[in-house]
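Visitor: My questions all concern the structure below.
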Amino acid sequence: MSCLIDQISVFVENRPGKLAAIAEVMEAQMVDFLAFSIAEADGFGLLRAVVSDPQSVVAVMKDLGYAVITNKVIAVKMKDQPGGLKEIANVLGTAQINVEYGYAYTKNDSAVLILRVDDAEKSVEVLKKAGFNLLEEENLKA
Amino acid sequence: MSCWNPRAEEMSLEEIQRLQFKLLKTQVYRLYSFSEFYHKRMKEANVHPDDINSLEDIRKLPFMYKKDLRDNYPNRLFVGGQDELVRYHVSSGTTGKPTVVGYTQRDLDNWAESVARAMTSIGLGRHDTIQVSYGYGLFTGGLGAHYGAERIGATVIPASTGNTERQVELIKDLNVTAICCTPSYFLHIAETAEKMGISIEKDTKLRTAVLGAEPWTEKMRKRIKDSTGVNAYDIYGTSELSGPMFTECTEMNGMHIWGDIAYVEIIDPETGEPLGPGERGEMVITMLQKEALPIVRYKTGDITAYEDSPCPCGRNHLRIERLSGRVDDMLIIRGINVFPSQVEYTLMTIPELGEHFQIVVDRKGVLDTMMVRVELKPSAFSDKLSDLIKLKKNAEYVLKNSLNVAAEVELLEPGSLARFEGKAKRVVDNRRD
Ligand SMILES: [Zn+2]
């Protein structure tokens, strides 16, 4: 099983109703949002989400004309102790891996950090070695 | 080069200008004597035919406007009697009254002559079968192309518009080599052929299209060539001039305006000042030989630029570039003239942006602001905010460079701007209150 997870990114105009329209598309596809974040800049935004069936969502959204792509991200289960985030950053930093962005969500009372890094495979390796628990695609859905 | 009328087409620039002056002088005397409208206009402008002593003196003459044609509906601008008239065409105005144009036999002859030269310059001749799929009737397109094609001895199919499947069958069965129609109708014919399982490139002899009466682009020319193998040529002419009259030659570098038929000026639409070669502005046309409905310094409202260097085809008649919009579309932003077409060209140079855009003009305090809203191309999307910000900044930079006025760029989702059939409504001007 791979610890590389598909994340979808959608370009969203920063105006009322736009996000709702996308949510509606997902809902119609019976898609579950497992995690998502919105990054904003200068009049537009990016919706990034880990969903239950990324390929079919991407296909539908492309048909509807959205600008959408998928990227590989990793999902790290945070240790239930202070400084967890710092420790992850240290591990990646030592391995010379850049974090492009990250966002967190809560699953079964524990926090999960979604990370987009410039070298996902290496990140998986070093984080596992450092004792972190990485989620696989399958256990994300469960 | 193969010419329809070598004597006229092989003139040097100097010969052309000498002839133009002679024709202008004759026309001005004629109008001063016989046209109530021009007589009055010239009096008002305090200019007499004797004041016209060089070609440049044409600038002393007053402009003529589309409004003059409407105000003098139906035929008060006509010179000469009813007996001289052999045809009317009528164009439906987009607003209000239609305009009526009339022709003497000589007017029709000159029109056909102009089209004959044009068609010859793109390599058409007696061996060709030309399907005329412009509308026939009150619109000038159908009959204009028809008589020009007949004059060069081609075989003409007066197909007019409509019944597109039959048009495709005719193209195939009658070995049509050239077609005259609007660019959008050509695309429709090509699509229909494809649906019928007919490849224009492999199953027909169609190799030339003469497209006009609607704006189109170089991009479309390439698309037509790639998908059908057809060389598409631009044709220009409005009913006021007679009808479609002038095309590009095989060099595809501008439409030759026959100097013995028309005199072209390009002016700054705001100040009326003459512009030089390559400078974009409003085209003002004087028809040098027109009899029934004289046209002198007519403000066409079309934006283009001229080139008077010799064309590689061997002709010295000046060329105008593909029209890039209408003066009515011109925006004045902080005192600077901006054409939506300029914005379009500039955006087209950025591969990440789509072809759909909108210009929103506003006023903040005393300052005009311009925002260009443009759709992102789905294929160009990256997941990085920094890439998108860079794209936006870059678009703003190149727009500023080409327009000389700052524009804010808003990136839009693909498909979020309304699509228009035909002419797109590109501009929202919120300054008018
Ligand atoms: Zn030429």
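Visitor: How high is the FRET efficiency from B:Lys225 to A:Ile38, r the C-beta distance, R0 41 Å, rounded to 0.05?
Guide: 0.40
Visitor: Let me test this: with uniform point scatterers at the alpha carbons of chain B, what is the Debye-based log₁₀ I(q)/I(0) at q = 0.09, 0.11 1/Å?
Guide: These q points yield log10 I(q)/I(0) values of -0.64, -0.94.
Visitor: Once you sort the root eigenvalues of the Cα gyration tensor of the stretch B:237-307 as a ≥ b ≥ c, which label holds: rounded (a/c under 1.5), prolate (a/b larger than b/c) or oblate (the other case)?
Guide: oblate
Visitor: Okay, moving on. Please give the Cα centre distance for the stretch A:16-94 versus the stretch B:362-380, rounded to the nearest Å.
Guide: Result: 28 Å between the Cα centres.
Visitor: Are there DSSP H segments in chain B that both extend 30 Å or more along their axis (alpha-carbon positions) and score a mean Kyte-Doolittle hydropathy of at least -0.5? List them, or say none.
Guide: B:13-34
Visitor: Moving to a separate point now. Using the C-alpha atoms of the stretch B:1-156, what convex hull volume per residue, in cubic angstrom, is computed?
Guide: Spelled out: Cα convex hull of the stretch B:1-156, divided by residues, is 139 Å³.
Visitor: Any idea what log10 I(q)/I(0) is at q = 0.15 Å⁻¹ for the stretch B:331-429, Debye with uniform C-alpha scatterers and no solvent?
Guide: -0.58
Visitor: Under the rule of at least 5 residues apart or a separate chain, name every residue whose amide H is placed under 5 Å from the amide H of A:Leu34.
Guide: Here the answer is A:Val50, A:Val51, A:Ser52, since their amide H atoms fall under 5 Å of that of A:Leu34.
Visitor: Once you keep just the Cα pairs under 8 angstrom separated by 6 or more residues, what percentage relative contact order results for chain B?
Guide: With pairs under 8 Å counted, the relative contact order is 12 percent.
Visitor: What is the gain in length, in nm to one decimal, between B:Lys60 and B:Val398 on full extension, counting 0.36 nm per residue of separation less the C-alpha to C-alpha distance?
Guide: Result: 117.8 nm gained on full extension.
Visitor: Taking each residue in B:181-187, count the Cβ atoms of any other chain within 10 Å of its Cβ, then average. What number comes out?
Guide: Going residue by residue through B:181-187 and averaging, the value is 0.
Visitor: Pull up the cross-link candidates among the lysines for A:Lys86, meaning alpha carbon to alpha carbon under 18 Å and not fewer than 8 places away within one chain.
Guide: The reachable lysines, counting only those whose Cα sits under 18 Å from A:Lys86, are A:Lys77, A:Lys128, A:Lys129.
Visitor: Mean separation of Cα pairs under 8 Å and 6+ residues apart, divided by the residue count of the stretch B:115-263: what relative contact order is that in percent?
Guide: RCO, the stretch B:115-263: 24 percent.
Visitor: Now for a separate question. If you take each beta carbon of peptide A:11-19 and count the beta carbons of other chains within 10 angstrom, what is the mean?
Guide: 3
Visitor: Also: B:Lys299: which aspartates and glutamates have alpha carbons under 15 Å from its alpha carbon, excluding same-chain residues fewer than 8 sequence positions away?
Guide: Counting by Cα, and skipping residues close in sequence, B:Lys299 has these aspartates and glutamates nearby: B:Asp68, B:Glu240, B:Glu265, B:Asp268, B:Glu270, B:Glu273, B:Glu282, B:Asp328, B:Asp329.
Visitor: Hey, if you put +1 on the Cβ of every Lys and Arg and -1 on every Asp and Glu Cβ in the stretch B:210-257, which of B:Thr250, B:Gly229, B:Thr217 ends up farthest toward the positive end of that dipole?
Guide: So the residue furthest toward the plus end is B:Gly229.
Visitor: A follow-up question, please. If you take all C-alpha pairs in the protein assembly as shown, what percent of them are over 34 Å apart?
Guide: More than 34 Å apart: 55 percent of the Cα pairs in the protein assembly as shown.
Visitor: Between their Cα atoms, which of A:Lys62/B:Lys364; B:Lys219/B:Lys390; B:Lys195/B:Lys222; A:Lys62/B:Lys219 are more than 30 Å away from each other?
Guide: Pairs exceeding the cut-off: A:Lys62/B:Lys364.
Visitor: So which chymotrypsin sites (Phe, Trp or Tyr not before Pro) in the stretch A:64-120 pass both tests, a DSSP loop state and at most 12 other Cβ atoms within 10 Å of the Cβ?
Guide: Sparse-neighbourhood loop chymotrypsin sites (Phe, Trp or Tyr not before Pro): none present.
Visitor: Put one equal scatterer on each alpha carbon of the stretch A:5-71, apply the Debye formula with no solvent term, and list log10 I(q)/I(0) at q = 0.11, 0.13, 0.21, 0.27 1/Å to two decimals.
Guide: Once normalised to I(0) and log-transformed, intensities are -0.21, -0.30, -0.82, -1.37.
Visitor: Same structure again: Given the DSSP H assignment, sum -39500 (n - 2.57) over each helix run of at least 4 residues in chain B and divide by its residue total; what's the result at 222 nm in deg cm²/dmol, nearest 500?
Guide: Roughly -9500 deg cm²/dmol at 222 nm, from the helical runs in chain B.
Visitor: What is the spin-label model distance, in nm, from B:Val360 to B:Lys97 if the labels are put 7 Å beyond Cα along the C-beta direction?
Guide: Computed distance between label sites B:Val360 and B:Lys97 equals 4.0 nm.
Any read-out appearing in this document is the output of simple, stated calculations on the displayed coordinates, not a laboratory observation. For clarity, every value in this text was computed on a predicted model and none was experimentally measured. Note that we place each Cβ from the backbone using ideal geometry, even for glycine, and neighbour counts take in every protein chain shown.
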